[in-house]
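Participant: Structure provided below as structure tokens; questions to follow.
The values are calculated or read from the model by the stated rules, or taken from the named source; none is laboratory data. Since the model is a prediction, treat every value here as computed from it, not as a measurement. All Cβ positions, even for glycine, are placed from backbone atoms using ideal geometry, and neighbour counts span all protein chains on display.
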Amino acid sequence: MTFTSRSAPVEAGRGSAGAAASAGVRAQAPVGAAVGLPDARGSSPLATVAFERTRRLRATASRRRLVRETRLSPAQLVMPLFVVPGHGRREPIGSMPGQARLSPDLVVELATRLAGLGVGGLMLFGIPGEKDPFGEGAADPEGPVPEALRRLRAADLPLALAADVCLCEYTTHGHCGIVSGDRIDNDATLPRLAGAAVAYAQAGADIVAPSAMMDGQVAAIRAGLDAAGATEIAILAYACKHASALYGPFREAADSTPSFGDRRSHQMDAANGREALREMALDAAEGADMLMVKPAITSLDVLARARERFDLPLAAYQVSGELAMLEAAAERGWIDRRRAALELLTAIARAGADVILTYLAGDVPAWLSEEDAR
Ligand SMILES: [Zn+2]
């Protein structure tokens with residue numbers, strides 16, 4: 001019945017050659033169909049209601065694939081990696097199944113595999129052998145991140161190499177900046193961040209990504225890079241970084257839990273969306289080449305609004321807690337890991353992200369090619 005009512009106008013249009021054009025137009029004029037509703041006694045039609053048949057394009061897998069609006073690609077994915085000093089070191093992270101802290105040699109090994117899968121890039125986080133109150137290690141050219149960058153550069157892989165720029169992995173107190181009394185000294189932190197960015201640029205980074213949420217950090221880093229002659233190194237600003245419970249597993253991974261207080265004086269209140277857009281506008285004005293939001297899943301509204309407002313590439317970070325929720329539920333058999341993962345990532349892209357940082361970057365390429373083959 002459905003098929004007959006749908007195809008009838010088309011047949012009418014084809015049937016009479018002379019009036020084909022006008023019949024075709026007439027057939028399409030009332031887009032959709034009409035249905036008679038029974039009255040209260042269930043007999044004669046009470047009213048005629050027009051409706052559209054949006055299901056037509058969902059009827060088969062080939063039609064759905066043809067009209068799919070959002071497509072994920074391995075090239076848009078960035079894999080976050082935690083780098084520790086040494087050689088042959090692989091330390092699994094309990095709250096992030098499948099993830100491990102790696103020494104630079106093993107980073108290159110994994111990066112080679114990811115490059116082979118077509119993944120777009122890496123984001124490196126360093127965990128130094130020694131920490132101090134000022135996070136000196138962040139700018140140490142012999143630190144784990146610069147060493148990994150030099151090795152990756154030598155391996156000449158087709159990956160964009162990004163390095164996170166913050167002090168929290170390098171400070172004994174675990175805060176993102178220089179601590180003065182019971183507060184973080186914004187302006188004293190800026191040259192430290194710029195120094196770290198220059199060290200990573202000189203070691204081979206394509207992109208530096210300030211995540212400390214200090215005011216003026218993008219301007220300070222741009223000035224530092226330019227003064228060091230690194231004018232071609234791009235800045236991916238963690239522009240909208242909400243203070244979030246979803247960073248918990250990362251802090252285990254990076255050993256960066258604050259020893260006192262929290263990060264609410266610099267990371268944004270998760271309740272604020274307009275402020276997020278203001279942060280993004282400020283970072284763009286300071287010279288950011290790309291803008292990031294994190295966590296991804298709690299920032300979809302910000303992404304969608306930012307997509308309307310900014311022409312810069314937008315990135316979203318699917319953070320450790322997002323991974324942990326997925327992995328824990330999948331392990332218990334409560335959700336289908338692959339379907340849920342692709343749905344989450346697709347939603348992030350649909351909201352407006354061009355680039356997605358995800359710990360699943362190594363899994364997704366195979367899933368996508370299997371989907372294509374179906
Ligand atoms: Zn930090």
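Participant: Looking at segment 262-366, what helices (runs of 4 or more DSSP H) fall wholly within it and have at least 3 residues that are small (Gly, Ala, Ser) and assigned by TED's automatic domain parsing to the domain that holds residue 240?
Facilitator: In segment 262-366, the matching helices (runs of 4 or more DSSP H) lie at 274-286, 320-331, 337-351.
Participant: Test residue 196 against the criterion of being modelled with pLDDT of 95 or more and more than 16 Å from the ligand (Cβ to nearest atom), and give yes or no.
Facilitator: Against the criterion (modelled with pLDDT of 95 or more and more than 16 Å from the ligand (Cβ to nearest atom)), residue 196 does not qualify.
Participant: Residue 205: assigned to a loop (DSSP other than H, G, I, E, B), away from the ligand (no atom under 16 Å from the Cβ), under 25 Å from the mean Cα position of the chain (by Cα) and free of Cβ contacts under 8 Å to residues at least 40 places away in the same chain, yes or no?
Facilitator: In short, no.
Participant: Same structure, new question: Against the conditions (1) without any contact (Cβ under 8 Å) to a residue 60 or more places away in the chain; (2) more than 15 Å from the ligand (Cβ to nearest atom); (3) out of contact with any strand residue (DSSP E or B) (no Cβ under 9 Å at 6 or more places or on another chain), where does residue 190 fall short? Just the number, please.
Facilitator: Looking at each condition in turn, residue 190 falls short on (2).
Participant: Kindly check whether there is at least one residue in segment 247-263 that is away from the ligand (no atom under 16 Å from the Cβ) and either surrounded by fewer than 22 Cβ atoms within 10 Å (Cβ to Cβ) or on the phi > 0 side of the Ramachandran plot (or both).
Facilitator: Checked against the condition, which is being away from the ligand (no atom under 16 Å from the Cβ) and either surrounded by fewer than 22 Cβ atoms within 10 Å (Cβ to Cβ) or on the phi > 0 side of the Ramachandran plot (or both), segment 247-263 yields no hits at all.
Participant: In the set 92, 128, which member is surrounded by fewer than 20 Cβ atoms within 10 Å (Cβ to Cβ) and without any contact (Cβ under 8 Å) to a residue 60 or more places away in the chain?
Facilitator: From the options 92, 128, the qualifying one is 92.
Participant: Residues being touching a helix residue (DSSP H, G or I) at 6+ places or on another chain (Cβ under 8 Å) and on the phi < 0 side of the Ramachandran plot: count how many of those fall in segment 283-300.
Facilitator: Residues meeting the conditions: 11.
Participant: On the given criteria, is residue 152 more than 16 Å from the ligand (Cβ to nearest atom), buried (at least 21 other Cβ atoms within 10 Å of the Cβ) and in a strand (DSSP E or B)?
Facilitator: no
Participant: If we keep just the residues of segment 107-125 that are part of a strand (DSSP E or B) and away from the ligand (no atom under 16 Å from the Cβ), which is surrounded by the most Cβ atoms within 10 Å (Cβ to Cβ)?
Facilitator: Once the filter is applied, the top-ranked residue is 122.
Participant: Okay, moving on. Out of all the residues in segment 158-178, which are part of a loop (DSSP other than H, G, I, E, B) and either surrounded by 19 or more Cβ atoms within 10 Å (Cβ to Cβ) or within 16 Å of the ligand (Cβ to nearest atom) (or both)?
Facilitator: Of everything in segment 158-178, those that are part of a loop (DSSP other than H, G, I, E, B) and either surrounded by 19 or more Cβ atoms within 10 Å (Cβ to Cβ) or within 16 Å of the ligand (Cβ to nearest atom) (or both) turn out to be 159, 166, 167, 168, 169, 170, 172, 173, 174, 175, 176, 177.
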